[in-house]
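Below: one structure, written as structure tokens.
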Amino acid sequence: MPRRSTQEWIRLSLRTPGILIFGMVFAPCGWILNLTATVAPNWRTLHNLPDLPADTFIQQGIWEICRANSIDTRADCTLEDTRYFGNQVIEVAQGLMVASLIVTLIGLAVAIPGVRCWRDRPNWVVAGLGGLLIFLSGVMVIIPIAWYTHILKEVTTVSDTTDVRVGYCIILGYIGGIFEIIGGFVMFIGICRCCGGKNRGETRIEEVTGARFSNQKRPTRRVEVPSLNRARSAASSIPYSKDSMDEDVSFPRAKSPAVPSINTSYGGRPYDVDL
């Protein structure tokens, strides 16, 4: 005979738990931001370069380098820089950013079957494993982004007059990585019950049954009310009469029909009694 656990838990609602919805929304958003940060050539921007016009600047990413200016919207992305791409941080960023995109997709594929879908209760182990993968993918993004930002001016040698600025890929990478870290961590904490089961939306059966018994309404007591339809006695102590009640009305009353006279005429002879 299987051993019964000391406490049993129950879900009062069949809705998908909030922590799983939170993770399944943040993870795809972070993946899109990381994809943009990976393919876009704007990890840093170099301005005031020697031997170049003042309105021309260089955009450097982890896959290509582009030259653009503030007047023309088109950019020339055929530039090559072996020293830049041979830097260790660039090689690490290429591998980790691509690996992060793949791991995020795997984490979503693992988490989707565990987020309830066609079941009454989520599979917390599967959903938590998917959240762990998403969490690791966010960490894999933050590592190269933080490293590149730390040595922003040391990736390649630049002149003292060159203005080195952070590109928008760094900002998108930070936001996307944080989204995945938060979303994956929130999904992973569902693998164990904590905070009294609130993270899973569960409640102890003892609490549910106790609340039901306490909320039962007691039957209302029937009270006999004496009837007020009693005949008025002749010796009433009320200081007004029935005639005054009839006169105290705020609307016209219908006229009572006239009483017919009892003195009728007839053509007989009068008798002495009539006189």
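The values are calculated or read from the model by the stated rules, or taken from the named source; none is laboratory data. As the structure is a prediction and not an experimental result, all values here were calculated from the model. Every residue, glycine among them, receives a Cβ derived from its backbone with ideal geometry; neighbour counts consider all protein chains shown.
Overview of values
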{"item": "Residues that are acidic (Asp, Glu) and loosely packed, with under 15 Cβ neighbours inside 10 Å, drawn from region 157-186", "result": "Asp160, Asp163"}
{"item": "Failed item in (1) at negative phi; (2) out of contact with any helix residue (DSSP H, G or I) (no Cβ under 6 Å at 6 or more places or on another chain), with Leu96 passing the rest", "result": "(2)"}
{"item": "Subset of region 187-199 that is assigned to a helix (DSSP H, G or I) and at pLDDT below 85 - its residue that is surrounded by the most Cβ atoms within 10 Å (Cβ to Cβ)", "result": "Gly190"}
{"item": "Residues of region 71-110 satisfying the condition of being assigned to a helix (DSSP H, G or I) and either touching a His at 6+ places or on another chain (Cβ under 8 Å) or more than 29 Å from Ser137 (Cα to Cα) (or both)", "result": "none"}
{"item": "Lone unmet requirement of (1) exposed (fewer than 15 other Cβ atoms within 10 Å of the Cβ); (2) in contact (Cβ under 8 Å) with a residue 24 or more places away in the chain for Trp31", "result": "(1)"}
{"item": "Selection count, region 16-41, where residues are of a type outside the set (A, V, I, L, M), over 19 Å from Tyr168 (Cα atoms) and in contact with a helix residue (DSSP H, G or I) (Cβ under 8 Å, 6 or more places away or on another chain)", "result": "5"}
{"item": "Residue within region 61-70 that is at pLDDT below 85 and outside any strand (DSSP E or B) present", "result": "yes"}
{"item": "Looking only at region 135-156, and only at residues there that are in contact (Cβ under 8 Å) with a residue 60 or more places away in the chain and assigned to a loop (DSSP other than H, G, I, E, B), the one that is surrounded by the fewest Cβ atoms within 10 Å (Cβ to Cβ)", "result": "Ile151"}
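Every residue, every condition in (1) farther than 23 Å from Phe179 by Cβ; (2) buried (at least 17 other Cβ atoms within 10 Å of the Cβ); (3) touching a Cys at 6+ places or on another chain (Cβ under 7 Å), yes or no:
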residue: Leu49; (1), (2), (3): yes, yes, no
residue: Ile62; (1), (2), (3): no, yes, no
residue: Ala68; (1), (2), (3): yes, yes, no
residue: Asp72; (1), (2), (3): yes, no, no
residue: Asp76; (1), (2), (3): yes, no, yes
residue: Glu80; (1), (2), (3): yes, no, no
residue: Met97; (1), (2), (3): no, yes, no
residue: Leu105; (1), (2), (3): no, no, no
